[in-house]
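K.L.:
I am attaching a structure below and will ask some questions about it afterwards.
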Amino acid sequence: MNIKVNILMAFILPLVVWSCKTDKLISNKDLAPALPTQFRDQEEGVKETSIGSIPWRDFFQDPILQVLIDSAIHQNVDMQLAIKNIESSQLMLKQAKANYLPNLQLQIKANSTNPSNNSMNGLSLGQFLGQNHVEDYTASLGLSWEADLWGKIKSQNTVALASYLQTEEAKKAVQTQLISQVTQGYYQLLMLYQLHEIAQQNLRLSDSTLRIVQQQYEVGDISMLAVEQVDAQRLAAASLIPDFEQQIHLQENAIQTLSGRLPQEIKIKEKLANIQLPDNWSAGVPADLLSRRPDVKQAELAVTSSKAYQQYAKARMYPSLVISAEAGINAFKSSNWFNIPASLFGAVAGSITQPIFQRRELKTQYEIAQIDQEKNVIRFKQTVITAVGEVSDALISIQKLKEKQRITLERTNRLKKAIQHADVLFETGMATYLEVITAQSNMLQSELELAQVKKAELAAIVDLYRSLGGGWNQ
């Protein structure tokens, strides 16, 4: 009889497995939109590797900035939460892997039953055992195991693994964004220090001009109106200094908070004009974003997870084969409970359960899982498009800011010469005080603009580094 059952099962089960076979996972990279061979506004001579592959410690070599970034990575609240999410997903992954193992339960129980004397059980006990109650003592190990016929457990593991990897990519995404924010905040601080220095220099220049005007007023060469206007120009330059000092303090507090530290002074050593980032950089090819950008990888893993959950939802509509076994010791007297081998018992069972009335519910869940998978594919494509767009934006910003910096630098140099000429001409009476004031004002604005353009160019390079997936590797 057992041989017939085994032969029958050997023929039936493969047919059932074949008829209910779930789809295989597809390659998610095939779902990405067709990418060009190079980014828009990318210079000729595309290199295979991009600056996104450079470790952040090699890309940002300023020691003060490195300390700030390192502190942010280890102490920033968002980073700490990302790490906790990873730890949580690791536990879920371990739990999912344990689904392959059988369930093992230890059971120890003792009970005493006293049926009614007028019942069939009560009469039987009195007739055969000579007592009106019966005792039962059992200690057993029960084992149950579900055969993964349709890949249901495998799909659960895939979902758990993809979720774990998503948290890893989420941490990388937080780190790349955090490094970008700290770096740009640091360059903003350097710019404010430079603006503060420019304002102080301009104030000293205005003081010098005011002394000359006062001397000329005392000898009667010019009127009090000239003195008042020059003094007003000096006060306008002086008013910039406390404004920049306030912004410096606020920027230091913001950077320290971002770095997970209490507000305090940041002792800078470098000047903004001396900051040099790698100039022989390359953006690589757009296809690199599929493997380097954490948010792109996260979106791709979301597709994998939703596809696996779709298979899991489909497998739930198929029969479940559960094999169970139980063994232990049993006796109706406590004195005989551990009388071995007389008290030993064992049982083996197998069951196949096919959902029937739940089928509409399970089918609905499967259809919803299909829609969710399609939505994740759309999000993945949009993430890739956004990533390529961010790189292109950074490239054109760098190019145009370089041109603007060159023009602004040339303008500043000309205005410095104009101030020198204006001072000489004013002392000899060949230029008016209004021409001197105008020249000083123009130079101040040009120097302030030059510092802002330099900072904007550095920020664009940092943004390019982030958009290429740089920052998450040490």
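Each value in this text was obtained by applying a stated rule to the coordinates, not by laboratory testing. The model shown is predicted, which means the values in this text are computed figures rather than measured ones. Glycine also receives a Cβ, built like all others from the backbone with ideal geometry; neighbour counts cover every protein chain displayed.
K.L.:
Please list 3J(HN,Hα) in residue order for the stretch 108-121, calculated via the Karplus relation 6.51 cos²θ - 1.76 cosθ + 1.60 where θ = phi - 60°; whole Hz, with x for glycine and proline.
P.N.:
10, 8, 9, 8, 10, 10, 10, x, 5, 5, 8, 8, 4, 5
K.L.:
Where the only charges are on Cβ atoms (+1 Lys, Arg; -1 Asp, Glu), what is the dipole of the chain about its Cα centre, to the nearest 20 debye?
P.N.:
Using only the charged Cβ atoms, the result is roughly 2400 debye.
K.L.:
Work from the charge dipole of the stretch 224-322 (Cβ charges, +1 for Lys and Arg, -1 for Asp and Glu, about the Cα centre) and give the residue of A283, P294, S259 farthest towards its positive end.
P.N.:
It is P294.
K.L.:
Also, I was wondering about something else. At 0.36 nm per residue, minus the direct Cα-Cα distance, what do H421 and E245 gain on full extension? Give it in nm, one decimal, please.
P.N.:
Between H421 and E245, full extension yields an extra 60.2 nm.
K.L.:
Still on this model: Compare the Cα positions of S392, A369, F380 along the charge dipole of the stretch 363-402 (+1 at Cβ of Lys, Arg; -1 at Cβ of Asp, Glu; about the Cα centre) and return the one farthest towards the positive end.
P.N.:
Selected residue: S392.
K.L.:
Please state the equivalent ellipsoid semi-axes for the stretch 204-317: what are the square roots of 5 times the Cα gyration tensor eigenvalues, largest first, in whole Å?
P.N.:
64, 19, 15
K.L.:
Something else: If the chain between E43 and E270 were fully stretched, how many nm would it gain, using 0.36 nm times the residue separation less the Cα-Cα distance?
P.N.:
78.7 nm
K.L.:
Report the FRET efficiency, 1/(1 + (r/R0)^6), for L81 and N103, where r is their Cβ-Cβ distance and R0 is 30 Å, rounded to 0.05.
P.N.:
Efficiency, rounded to the nearest 0.05: 0.35.
K.L.:
Once the Cα atoms of helix 359-427 and of the chain are each reduced to a long axis, what angle between those two axes, in degrees from 0 to 90 to the nearest 10, is obtained?
P.N.:
10
K.L.:
While we're looking at this one, here's another question. Calculated FRET efficiency, N117 and A139, Cβ-Cβ r, R0 41 Å, to nearest 0.05?
P.N.:
With a Förster radius of 41 Å, E is 0.85.
K.L.:
Something else about it: Using Cα pairs under 8 angstrom and six or more residues apart, how large is the relative contact order of the chain, in percent?
P.N.:
Answer for the chain is 27 percent.
K.L.:
Moving to a separate point now. If each DSSP helix of 4+ residues adds -39,500 (n - 2.57) and the sum is divided by the residues in the chain, what number results at 222 nm, nearest 500 deg cm²/dmol?
P.N.:
Rounded to the nearest 500, it is -22500 deg cm²/dmol.
K.L.:
Okay, moving on. Taking the chain as the reference, fit the longest principal axis to its C-alpha atoms, fit the long axis of helix 294-315 to the helix C-alpha atoms, and give the angle between the two in degrees, 0 to 90, nearest 10.
P.N.:
With rounding to tens, the tilt is 20 degrees.
K.L.:
Take the cross-link list K152/K307; K97/K152; K307/K363; K404/K455; K172/K455 and give me the ones stretching past 18 Å between alpha-carbons.
P.N.:
Long pairs (Cα-Cα over 18 Å): K172/K455.
K.L.:
For the stretch 326-374, take every pair of Cα atoms, bin their distances at 5 Å starting from 0, and report each bin as a whole percent.
P.N.:
Spelled out bin by bin, the stretch 326-374 gives 5, 16, 12, 9, 7, 6, 6, 7, 8, 9, 8, 6, 1, 0 percent.
K.L.:
How long is the gain from E367 to R414 if the chain were fully straight, where each residue apart is worth 0.36 nm and the alpha carbon distance is subtracted?
P.N.:
9.9 nm
K.L.:
Binning every alpha carbon pair distance of the chain at 10 Å from zero, what are the percents per bin?
P.N.:
Result, from short to long distances: 4, 13, 16, 15, 13, 11, 9, 7, 5, 4, 3, 2, 1, 0, 0 percent.
K.L.:
If you don't mind, another one. Return one number: the angle in degrees, 0 to 90 and rounded to the nearest 10, between the long axis of the Cα atoms of helix 433-467 and the longest principal axis of the Cα atoms of the chain.
P.N.:
Compared with the principal axis, the helix lies near 20 degrees.
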